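The values are calculated or read from the model by the stated rules, or taken from the named source; none is laboratory data. What you are looking at is a predicted structure, and each value in this text was computed from that prediction instead of being measured. Virtual Cβ from ideal backbone geometry, glycine too; neighbours counted across all protein chains shown. Remember, those area values only see protein heavy atoms, side chains included, never the ligands or the DNA or RNA. Shrake-Rupley method; radii C 1.70, N 1.55, O 1.52, S 1.80 Å.
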Amino acid sequence: MLAAQYVRGGGIEVVEADPRRPGPGEVQIDVAYVGICGTDLHILHGAMDERVGARAVIGHETAGRVHAVGDGVTAWSVGDHVTVMPLEWCGTCPTCVAGHRHICDRLNFVGIDSTGALQEMWTLPQHLLVRLPAELSLRDAALVEPVAVAHHDVRRARLEPGQRAAVVGGGPVGLLIALVAAAQGAEVRVLETNPFRRSVIAALGIDVVDPVDIAALVEEWTGGAGAEVVFEVSGAQGGLDSAVDLVRARGRLVVVGIHAQRRELDLKRVFWKELEIVGARVYESQDFADAVASLAAGTIPVEALISKVVPLESAAEAFEILDLGGAVMKVLVDCGGAEPQ
Ligand SMILES: [Zn+2]
Ligand SMILES: [Zn+2]
């Protein structure tokens with residue numbers, strides 16, 4: 001079978017590899033589609049070499065079909081449609097014991113810290129699988145993981161119907177947050193500097209603005225009060241500054257973007273406006289269930305989100321397209337497992 005590997009200093013290589021037979025408690029799936037995201041680009045650029053290693057199959061946004069099951073597996077049968085919640089927690093650290101297993105102190109993020117989905121067949125522990133309903137296509141289901149991120153972010157925000165929510169950064173994650181928040185009855189505005197992304201977002205009926213004058217936006221949109229919830233998705237200092245300017249008194253600033261370096265934050269304004277700062281990282285099982293339901297119900301306009309699908313042989317191209325930025329949202333790799341084999 002083919003597998004796409006990240007090679008330190010060498011980008012993405014597609015190689016011939018032997019599929020691993022499922023051991024006790026494991027399931028082997030025919031991988032249908034794998035979504036490539038910003039985290040995968042970070043890996044490509046060598047920013048996560050300590051976690052990934054010198055040569056590894058990456059990829060963590062996927063859907064497929066059960067191909068074979070190992071000893072002792074009774075919950076899954078050949079042909080079942082599945083996605084993967086790519087988190088392995090230890091179950092014993094203080095964070096796990098407190099009930100927050102998704103942010104376990106020793107979390108193994110599958111597809112980063114261990115072998116991922118970018119291969120024709122993938123063998124993994126059965127407890128990582130999530131069942132998909134028959135009405136959801138495997139192509140659409142490749143978006144379950146990023147949609148689960150959005151559900152988690154919105155849930156962490158404690159957003160209520162009728163509240164205003166600003167999303168700073170209109171890439172795939174920001175757009176999905178906007179869609180999920182709007183579906184839950186929030187009044188949403190996205191701030192995005194890239195004109196292509198603005199056109200995609202506007203075409204979906206979501207209010208989107210170029211963040212040139214935040215004070216004017218706050219005045220026009222909220223009568224000067226600010227938004228109840230602001231999602232910081234840009235990962236940039238400028239985005240954080242805008243987010244603080246946008247949030248109203250007693251509002252919530254939800255930190256979604258990954259700020260790889262320390263940022264400046266005007267704590268006097270946090271004090272003055274009694275702001276809440278909330279971190280939101282990955283997802284819990286509930287968010288995966290909500291994401292599957294959203295996609296199955298057609299709440300997420302998948303066709304507008306998937307910019308391109310490339311075959312596994314050309315996996316490197318998927319990374320290149322995404323890396324160039326510009327006119328692109330989500331890129332999927334077709335690993336061939338969508339049809340029964
Ligand atoms: Zn991702
Ligand atoms: Zn733990």
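Using just its DSSP H runs of length 4 or more, each adding -39500 (n - 2.57), the chain gives a mean residue ellipticity at 222 nm of -8000 deg cm²/dmol after division by all residues. Counted residue by residue at 0.36 nm each, then reduced by the alpha carbon distance between them, the extension gain from Asp71 to Asp49 reaches 4.5 nm. Expressed as a fraction of 2.2 N^0.38 Å, the value expected for a compact globular protein of N residues, the C-alpha radius of gyration of the stretch 147-279 is 0.94.
If a spin label sat at a point 7 angstrom from the Cα of Ala316 along the line to its beta carbon, the backbone N atoms of the stretch 18-43 nearer than 19 Å would be those of 36-37, 40-43. Maximal additional length on extending the Ala293-Arg269 stretch stands at 4.8 nm, based on 0.36 nm per residue less the C-alpha distance.
Taking the accessible area of the stretch 189-341, probe 1.4 Å, and keeping the other protein chains in place, the carbon and sulfur fraction comes to 51%. Within a straight-line Cα-Cα reach of under 30 Å, Lys330 can be paired with the following lysines, leaving aside sequence neighbours fewer than 8 residues apart in one chain: Lys308.
With R₀ set to 45 Å, the beta-carbon distance separating Ala183 from His259 gives a calculated FRET efficiency near 0.95.
With a cut-off of 13 Å between beta carbons, the residues surrounding Ala54 carry a summed charge of 0, where Lys and Arg count +1 and Asp and Glu -1. Taking Cβ atoms as reference points and 14 Å as the exclusive limit, the residues near Ala293 contribute a net charge of -2, counting Lys and Arg as +1 and Asp and Glu as -1. The magnitude of the dipole of the stretch 147-279, with charges of +1 and -1 set on the Cβ of Lys/Arg and Asp/Glu and taken from the Cα centre, is near 400 debye. Given +1 at the Cβ of Lys and Arg, -1 at the Cβ of Asp and Glu and no other charges, the dipole of the stretch 19-167 around its Cα centre is 260 debye to the nearest 20.
Projected label points at Arg131 and Arg8, each 7 Å from Cα along the beta carbon direction, are separated by 4.2 nanometres.
Helix 237-246 axis versus longest C-alpha principal axis of the chain: approximately 50°, rounded to the nearest ten.
Placing a pseudo-label 7 Å from each Cα along the Cα-to-Cβ vector at Arg21 and Leu324 gives an inter-label distance of 4.4 nm. In this structure the stretch 42-99 gives 45 Å² per residue of accessible area when probed at 1.4 Å with all protein chains present. Annotation: per residue accessible area for the stretch 147-279 equals 45 Å², rounded to a whole number [probe 1.4 Å, protein chains only].
Each of Gln28, Met48, Gln163 was scored by the projection of its Cα onto the charge dipole of the chain, and the greatest displacement toward the positive side belongs to Gln163; charges sit on the C-beta of Lys, Arg, Asp and Glu.
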